[in-house]
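The structure appears below as structure tokens.
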Amino acid sequence: MTAYSIVTVATVACHALIAVSLFQVQWTIAYDNGVGLTPPMGWNHWNAFHCDGLDEELIHDTAHAMVDLGLAELGYVYLNIDDCWQLSRNSTGFIQEDLQKFPSGIAALSDYVHNLGLKFGLYSDSGIMTCQRRPGGLGHEQQDAAMYNEWKIDYLKYDNCYATGLGNVRWRYRRMHDALNATGRTIFFSMCEWGVEDPATWAMRVGNSWRTTGDIGPTWKSITHCLDLNDQWHAYAGIGGWNDPDMLEVGNGDLSLAEQRSHFTMWCLIKSPLLLGNDLRSVSPEVIEIISNKEVIALNQDPLGVQGYKRWSKSVKRNKNNNNNNIHEKSYIRNNDRNGEESDLEDDNDEMIEVWAGDLSGGDIAVVLLNRSSQSQVITAKFADIGFTTFSSAKARDLWAHQDLGILKDAISSTVGSHDVLALRLKPVSEEGLTLY
């Protein structure tokens, strides 16, 4: 866990309430179908089970695990089936489920999930086939939406495979958007376009979330790559429509606990959909502790709906001629504008220390110190350097240690382990130590 050498002394002040007008404008034109007021939370089978591991028993067991582990109570309510549930179309063009995998049928499975107090989601594709070569939705949008309504689904992930040359991507996603709306059923529409045509700039009128990256994998490099790609679009997300850097890999692969903690923290800060992708039937207590952290989840579900983003970064590449702490440093300040340049940053992103932050409701601010390097680092960030110019002091709470740290003045400084984070919630206070909001 993170060790402290937190430089503190006196009081705080304020900053948030700068609810940038851009966010307010985006919210007013977002797809308003009554869902997605905060990022969705739930589970998807793909990362851990892919096609071969999917069947009815897995979904039954996972539904019970979501309830029994207390995850549903925390907000993980969507149980989503990804690719490979469908098999063919009948003579009139309606989609047919794979009855070898789901002998009771999708309608019965949906009822099973709903009876446990959860929501039920399915997957399809905007092309002629899904990524696993099952029937796609192109040309059958109204028929498929009618079946989704009949099956009472609550979430649709819509992929982008086998669609080359088959119409403009915006047109294809708009067709399913319109078909879903015509059913009258409230369905969260998750657009899996992979960020190919910068969906953050147009998808908020069409869906509730949009992928900004390719597929994630259970490696530190993949996770940080998705994090970087997603960050440039932070100003385009908000209530009703969210940037999606892909599902969580917590509990998968050979990720260390520090890497899993960092992954979860960053996805919460950037208001990503929180879709677990691990096997909940055999989850470890350590993973449960990570994905059940209410204080970190609160960053993701904060009603202000402002995505956190990178404020400051520094290269800490080691000097090969010195085995001690002689570290070559190069820093930049990221502009608030998404097109802000990162001045002459040529060093490997794997050897970086970073400061991320985001505004929260009630005037609070979330700050995360992220150590992407291969060794522990002291990360020090002055409030002014990370954009906090309206206050100099704040009450601080460590969201992983669940401890109040007193009042920080002018700066945050801590020793952070390799691939780990320090996650703080700051509450600006006056020079007299009084909370300002």
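Quick one: which of Lys119/Lys310; Lys119/Lys271; Lys119/Lys221; Lys310/Lys427; Lys317/Lys395 span more than 27 angstrom between C-alpha atoms?
With Cα atoms farther than 27 Å apart: Lys119/Lys310; Lys119/Lys221; Lys317/Lys395.
For a Förster distance of 22 Å, can you work out the FRET efficiency between the beta-carbons of Trp202 and Asp228, rounded to the nearest 0.05?
0.55
Suppose R0 equals 56 Å. What FRET efficiency, 1/(1 + (r/R0)^6) with r the Cβ-Cβ distance, do Leu99 and Ser430 give to the nearest 0.05?
0.30
Of Arg133, Arg397, which has the most accessible area and how do the rest follow, probe 1.4 Å?
Descending accessible area places them as Arg133, Arg397.
How do Trp267, Trp220 stack up against each other in accessible area, from largest to smallest, with a 1.4 angstrom probe?
Highest to lowest solvent-accessible surface, that is Trp220, Trp267.
Distance between Cα centroids, segment 132-182 to segment 59-75: provide it in whole Å.
The distance from the Cα centre of segment 132-182 to that of segment 59-75 comes to 28 Å.
Using the Karplus equation 6.51 cos²θ - 1.76 cosθ + 1.60 (θ = phi - 60°), what ³J(HN,Hα) coupling, rounded to whole Hz, does each residue of segment 360-376 give in order, writing x for Gly and Pro?
Along segment 360-376, the couplings run 10, 5, x, x, 6, 9, 8, 10, 10, 8, 10, 9, 8, 7, 8, 9, 4 Hz.
With each pseudo-label sitting 7 Å past Cα toward Cβ, what's the Ser376-Lys294 distance in nm, one decimal?
3.1 nm
At a probe radius of 1.4 Å, what is the per-residue accessible area of Val306, in Å² to the nearest 10?
10 Å²
Convert each backbone phi in segment 232-248 into a coupling constant with the Karplus relation 6.51 cos²θ - 1.76 cosθ + 1.60 (shift: θ = phi - 60°), then list the ³J(HN,Hα) values in order as whole Hz, x for Gly and Pro.
5, 9, 4, 6, 9, 9, x, 3, x, x, 10, 5, 10, x, 5, 6, 6
According to the Cα gyration tensor, what semi-axes, each the square root of 5 times an eigenvalue, does the equivalent ellipsoid of segment 169-253 have, listed from largest to smallest in whole Å?
Taking √(5λ) for each eigenvalue gives 25, 14, 11 Å, largest first.
Out of segment 142-217, which GluC sites (Glu not before Pro) are coil in DSSP terms and have no more than 16 other C-beta atoms within 10 Å?
Listed in order of number, the matching sites are Glu197.
Peptides 160-172, 113-125: what's the order by average Cβ count within 10 Å, highest mean first?
In decreasing order of mean packing, 160-172, 113-125 become 113-125, 160-172.
Can you give the FRET efficiency to the nearest 0.05 for Ala107 and Thr186, using r as the Cβ-Cβ distance and R₀ = 22 Å?
Once rounded, the FRET efficiency stands at 0.75.
With labels modelled as points extended 7 Å from the Cα through the Cβ direction, what inter-label distance (nm, one decimal) is found for Asp254 paired with Asp61?
Here the answer is 2.5 nm between the modelled labels.
How large is the accessible surface of Ser418 in square angstrom, using a 1.4 angstrom probe and rounding to the nearest 10?
Ser418 exposes around 40 Å² with every protein chain in place.
The values are calculated or read from the model by the stated rules, or taken from the named source; none is laboratory data. Just so we're clear, the structure is a prediction, and the values are computed from it rather than from any experiment. Counting neighbours? That spans all protein chains shown, and the Cβs are built from the backbone with ideal geometry, glycine included. Keep in mind that these areas ignore ligands, DNA and RNA; they rest on the heavy atoms of the full protein, side chains included. Shrake-Rupley method; radii C 1.70, N 1.55, O 1.52, S 1.80 Å.
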